[in-house]
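Written below as structure tokens is the structure these notes are about.
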Amino acid sequence: MGVTSVKGLLLAGGHGTRLRPLTYTGNKHMLPIANKPMLMYGFDQLRGAGVKEIGVILGPLQEGIVEALGDGSKFGVHITYLDQPDPKGIAHAVLISKKFLGDSSFIVHLGDNLLKDSIPEMAEEFQSSGADATVVLSRVKDPSRFGVVQIEKGTIVKLVEKPK
């Protein structure tokens, strides 16, 4: 089926403070995982879902990202780079992408997240569900290292990024 009318946002901002000293001089999204920059896993998932227009959110450390992705043509997509010089979280990244997104449906993928599930499959499930939004969550042992959601009656009512 594919989701070609959907745009993608790939978040590659942030300071990577929890990965220091590796991120003092480079972007955490370009750290290799199994000989491939971490960012490429999310990028490949978006492409696999049929997304052809991808906005890449760039933070203060941008080393290697534009060089790796270029304009997207070698991957069969079009990439628009969006600057977020002061990383203020996921919602802010979406807000600064408003012009790029227009009225399109979109998928947001955090460039430093590796998912067990398939974005293409989840995108198709979402499109057939009739929901306004879907958020992929996972239980973790130490939630203080991640974003935490509060759920009431199956609905997310609050999100706290990196809680104390």
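Quick grid of which residues meet (1) of a type in the set (D, E, K, R); (2) in the same structural domain as His29 (by TED's automatic domain parsing); (3) under 14 Å from the mean Cα position of the chain (by Cα); (4) farther than 14 Å from Leu46 by Cβ:
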position: Pro85; (1), (2), (3), (4): no, yes, no, yes
position: Gly102; (1), (2), (3), (4): no, yes, no, yes
position: Phe106; (1), (2), (3), (4): no, yes, yes, no
position: Leu110; (1), (2), (3), (4): no, yes, yes, no
position: Ile119; (1), (2), (3), (4): no, yes, yes, no
position: Met122; (1), (2), (3), (4): no, yes, no, no
Subset of the stretch 38-83, residues more than 11 Å from Leu10 (Cα to Cα) and polar (S, T, N, Q), comes to Gln62, Ser73
Residue among Ser73, Ser129, Ser118 that is at pLDDT 90 or above and among the hydroxyl-bearing types (Ser, Thr, Tyr): Ser73
I'm checking my understanding of the structure. Among residues of the stretch 46-72 that are of a type in the set (A, V, I, L, M) and assigned to a helix (DSSP H, G or I), which one is nearest to Lys98 (Cα to Cα)? Leu46
Selection count, the stretch 43-97, where residues are among the acidic types (Asp, Glu) and either crowded, with 18+ Cβ neighbours inside 10 Å or touching a Leu at 6+ places or on another chain (Cβ under 8 Å) (or both): 2
Please tell me if Lys141 is more than 17 Å from Tyr41 (Cα to Cα), at pLDDT 80 or above and not assigned by TED's automatic domain parsing to the domain that holds Met40. yes
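The values are calculated or read from the model by the stated rules, or taken from the named source; none is laboratory data. These figures come from a predicted structure and were not determined experimentally. Using ideal geometry, Cβ is built from the backbone for each residue, glycine included, and neighbour counts are taken over all protein chains shown.
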